[in-house]
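Trainee: Please see the structure below; I have some questions.
Laboratory data are not the source of any read-out in this text; all were calculated from the coordinates shown. If you're wondering where the values come from, they're calculated on a predicted model, not measured in any experiment. Every residue, glycine among them, receives a Cβ derived from its backbone with ideal geometry; neighbour counts consider all protein chains shown.
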Amino acid sequence: MAGPANIGGSRILLRKLREIMEAGGEAQQRLDRLVTMVASTMVADVCSIYLTRGAFHELFATQGLKPEAVHRTRLRKGEGLVGLVAETAQPLNIADAPHHERFSYRPETGEDPYNSFLGVPIVRSERTFGVLVVQNRVARVYGEDEVEALQTIAMVLAEMVASGAFGDLSGLADVEARPSRPELIVGRSFSDGLAIGTAVLHEPHAPLGRVIADDPVREEQRLDAALEQVRGSLKEMIEGDPGRLSGVSREVLETFLMLALDPSWEVRLKHGVRAGLSADAAVERVRGEHRAKLNAARDQYLRERLHDLEDLDNRLLRSLAGVDANSAGAMPADAILIARELGPAELLDYGAERLRGVALEEGAATAHAAIVARALGLPLVGLLPGLLSRVEAGDSIVLDGERGEVRLRPEEQVLSTYRQRLSLRSARDAEFAKLRDQPAITRDGQRVALLLNAGLALDVHHLADAGAEGIGLFRTEFQFMVSETLPRLQSQTLLYRDVLETAGDMPVTFRTLDLGGDKVLPYVTAEREENPALGWRAVRIGLDRPALLRYQLRALISAASGRWLRVMFPLVTTCAEFDAARALVDRELEWARTHARAVPAKVEVGVMVEAPALAWAIPDLAGRADFISIGTNDLMQYFFAADRGNPRVWDRYDILSPSALRFLLRIREDADAANIPVSICGEAAGRPLEALAFTALGFRRLSMPASGVGPVKRLILSLDAQEAAQAVRGMLTAQTETIRAELTHFANERGYLL
């Protein structure tokens, strides 16, 4: 039997659905009329609605099955064909349902004579909470138009259930169409802190208004205008300034534009509008399809393409809505930003003054959004499974950056507990503030210099507040990453000069561009690499493309005229690489003198020890490097052969393992023998227990995030360095994977303030 063979059939379905909803009556009566209408219009023997309640998919309404089965037939999640549709969030269209391996026979439904089966998920905000089914006695595969018509009805049904359009239907309060219960999601902390606030979606649902269009012609015109606007803005980005883009950035944008011009995307959108949906609802439906495919995709290239498609859907929704979702007026005062992933520029666009914290479904501790969050003093929790499907805009939310978890829609008792914890944190911060101007000197008189890791001018402006003695690492790549074009010489010079002037007499160590790996510039051509962490990155790029590195060195030398300039190179593997990089510094100094430009009063050139090969070549750096800084993030990645961007392995190995600590001790001893000042730089330096171990190993310069200075200074002031050194050296021979527990016990026993 044939169903609606064209768009007109879908429009008839939507018009009849509106009539059912506007006719009033009891909710169950309206659901019953709905399934009767769909079965009649699609010439189906059966139409049924299953809604998810607790651990079951419950039959809520049917035309064709036995009426007494309603609210009696309940399939466990994953059970039967209905469970398969809900599980995959994809339509299931088969001609011989009874012989499918997942078929579950329920005699109380009387579905014995039905062969063909078409089920589509009822989805809202990535949350599948039901299945809409049609069945026929005759064995047939339903046509594409019929599948699409049923998907359209399912989408409208989802919005109506979520909005409460059905009123008080027995059991409907337990159907999680719109998440409403308190939930705990455990992820991973990427930036410390606590926040209580209101969820704001980075990619929000545009206001749908009426899902069903009153005037399909006008809706198609709105869609055309929005498509033209989105495509026009992309063309403008590419064609606006011929010198603005180069290399991979142009390729990426041109690919993006190609997707925006893809006729199949436009056809899918217009199909929905011509079927009777509003333009907004048509885009929402297509975005839902893209998200379902994205969630199921395992191939990274396919996921990237689907991310692009979802981005296009979001741009189109914002264009249709005529509002900027990121405008200040749209943000509550206690906003907690919710996103799948976030770039550093996007986070900077929001700014600390508009946010209390950030929660990401994906993300990584070493991602640049996490680094920016730490610089802004914002708690950030990532790797939160299913976050986007479990939160709605406006939900109350607790973001716990201490434990790495998020609580959605918490009860008052939970909120009260977290308010107490916030009060205690405030008291602790006040205690740290009292130590701000006090030098970090151990009880037995050992002074430890606590320095700041920075990447934004904002970090440096907070230098005094943090109580640090200088900048041990200024990451220069952020200025490059948040710009669509290569920052000009003047722009770079102004940034570096501002940093030096703000720091005053305190030392600032600039790390040259650490690009490659997970740090890709839109205007620098980069090839896809099998293992980018071991590939063409950092100083390797600078030496192969010396113009880029010399350009930056020229800006640094100009900014530091008459001052002290400290420059260090990242991921140097051999002494020859360091010599080549240092030669570029000398060349730029000579260029400045030749052109009668002012030069720094003093220049020191150092190197980051991140590659094990260089760690064993410290003696060879004597007389060549003015200082070294151990970059624990990368050095431990290579030491343990564990990708620090891979959540499966990044916390499998501990820097407080005896072997890693012996390695660090060897580097420190070699540096002392070579008379080269050495520091520890990385996230680990800002954690009191790790800082205790480093101090015990003899390190006297620690560079860390701003949030770590107060806790580490308090520890240092309570510490007896000689006593700690004896204890830690005794633990280095332990046959264990980590000395974390033993060191914690020792610290607590001695009264050290961790």
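Trainee: What are the semi-axes of the equivalent ellipsoid of the range 7-174, taken as the square roots of 5 times the eigenvalues of the Cα gyration tensor, listed largest first and rounded to whole Å? The partial results should precede the final answer.
Mentor: Numbers: eigenvalues 93, 69, 47 Å².
Over the Cα atoms of the range 7-174, the ellipsoid semi-axes are 22, 19, 15 Å.
Trainee: Here is a follow-up. Using the per-residue mean of other Cβ atoms lying within 10 Å as a proxy for protection, in what order, highest first, do the peptides 555-562, 636-643 fall? Intermediate values should be presented prior to the final figure.
Mentor: Working: 555-562: 20.2, 636-643: 17.5.
The densest-packed peptide leads the list: 555-562, 636-643.
Trainee: Whole angstrom only: what separates the Cα centroid of the range 59-81 from the Cα centroid of the range 83-162?
Mentor: Cα centroid to Cα centroid, the span is 12 Å.
Trainee: With the cut-off at 1.5 for a/c, could you classify the range 357-436 from its C-alpha gyration tensor as rounded, prolate or oblate?
Mentor: Note, shape of the range 357-436 comes out oblate.
Trainee: Sort 471, 680 so that the residue with the fewest other Cβ atoms within 10 Å of its own Cβ comes first and the one with the most comes last.
Mentor: 471, 680
Trainee: So how much slack lies between residue 675 and residue 96, counting 0.36 nm per residue of separation and subtracting their Cα-Cα distance, in nm? Don't skip to the end; give the middle numbers.
Mentor: Values: separation 579, 0.36 × 579 = 208.44 nm, distance 8.02 nm.
Stretched out fully, the residue 675 to residue 96 stretch lengthens by 200.4 nm.
Trainee: What order do you get for 220-231, 620-631 when each peptide is scored by the mean count of other beta carbon atoms within 10 Å, highest first? Display every interim value, and only then the final one.
Mentor: Working: 220-231: 17.2, 620-631: 20.0.
So the order, starting with the most tightly packed, is 620-631, 220-231.
Trainee: Could you derive backbone 3J(HN,Hα) for the range 402-411 from the dihedral phi with the Karplus parameters 6.51, -1.76 and 1.60 (θ = phi - 60°), listing whole Hz in sequence and x where the residue is Gly or Pro?
Mentor: Whole-Hz 3J(HN,Hα) from phi for the range 402-411: 7, 9, x, 8, 10, 10, 9, 6, x, 6.
Trainee: Report, by chain and number, residues whose modeled amide H sits under 5 Å from the one on residue 46, excluding near sequence neighbours (fewer than 5 apart, same chain).
Mentor: Sorted by chain and number, the residues that satisfy this are 135.
Trainee: Considering the zone a paramagnetic label at residue 601 would reach in this model (a point 7 Å from Cα along the Cα-to-Cβ line), which residues of the range 486-509 have amide N under 18 Å from it?
Mentor: 497-509
Trainee: Calculate the FRET efficiency for residue 104 and residue 186 from the Cβ-Cβ distance with a Förster distance of 35 Å, rounded to the nearest 0.05.
Mentor: Calculated transfer efficiency: 0.60.
Trainee: With a sphere of radius 10 Å drawn around the Cβ of residue 464, what net charge do the other residues whose Cβ falls strictly inside it have (Lys, Arg +1; Asp, Glu -1)?
Mentor: -1
Trainee: Rank these for me by crowding, 103, 694, going from fewest to most other beta carbons within 10 Å.
Mentor: 103, 694
Trainee: List, in order, the whole-Hz ³J(HN,Hα) value for each residue of the range 101-110 obtained from phi through the Karplus relation with A = 6.51, B = -1.76, C = 1.60 and θ = phi - 60°; use x for Gly and Pro.
Mentor: These are the phi-based 3J(HN,Hα) values: 4, 9, 5, 10, 7, 10, x, 5, 8, x Hz.
Trainee: Computed FRET efficiency, Cβ-Cβ of residue 36 and residue 262, R0 41 Å: what is it to the nearest 0.05? Don't skip to the answer; put the middle values down first.
Mentor: Numbers: r = 39 Å, r/R0 = 0.95.
That pair, residue 36 with residue 262, gives E of 0.60.
Trainee: Still on this model: At 0.36 nm per residue, minus the direct Cα-Cα distance, what do residue 413 and residue 396 gain on full extension? Give it in nm, one decimal, please.
Mentor: Working: separation 17, 0.36 × 17 = 6.12 nm, distance 1.36 nm.
That pair, residue 413 and residue 396, stretches by 4.8 nm at full extension.
Trainee: With 10 angstrom as the radius, rank 713, 66, 77 by how many other C-beta atoms surround their C-beta, starting from the fewest.
Mentor: 77, 66, 713
Trainee: While we're here: Once R0 is set to 25 Å, what does the formula 1/(1 + (r/R0)^6) return for the Cβ-Cβ distance between residue 550 and residue 576, expressed as a FRET efficiency to the nearest 0.05?
Mentor: 0.85
Trainee: Here's something else I'd like to know. What are the residues whose amide H is under 5 Å from the amide H of residue 404, where those residues sit 5 or more places off or on another chain and H is modelled from the backbone?
Mentor: Under 5 Å from the amide H of residue 404: 189.
Trainee: Among 376-383, 335-342, 260-267, how do they line up from the highest to the lowest mean number of other beta-carbon atoms within 10 Å?
Mentor: Ranked by mean Cβ neighbours within 10 Å, highest first: 376-383, 335-342, 260-267.
Trainee: What full-extension length gain, to one decimal in nm, is calculated for residue 591 and residue 651 as 0.36 nm per residue of separation minus the Cα-Cα distance? Don't skip to the answer; put the middle values down first.
Mentor: Values: separation 60, 0.36 × 60 = 21.60 nm, distance 4.65 nm.
This chain segment gains 16.9 nm when fully extended.
Trainee: Less than 12 Å Cβ to Cβ from residue 418, Lys/Arg counted +1 and Asp/Glu -1: what total charge do the surrounding residues give? Please list the in-between numbers first.
Mentor: Numbers: positive: 403, 407, 419, 421, 425; negative: 400, 402, 405, 411, 412.
Spelling it out: positives minus negatives among the neighbours equals 0.
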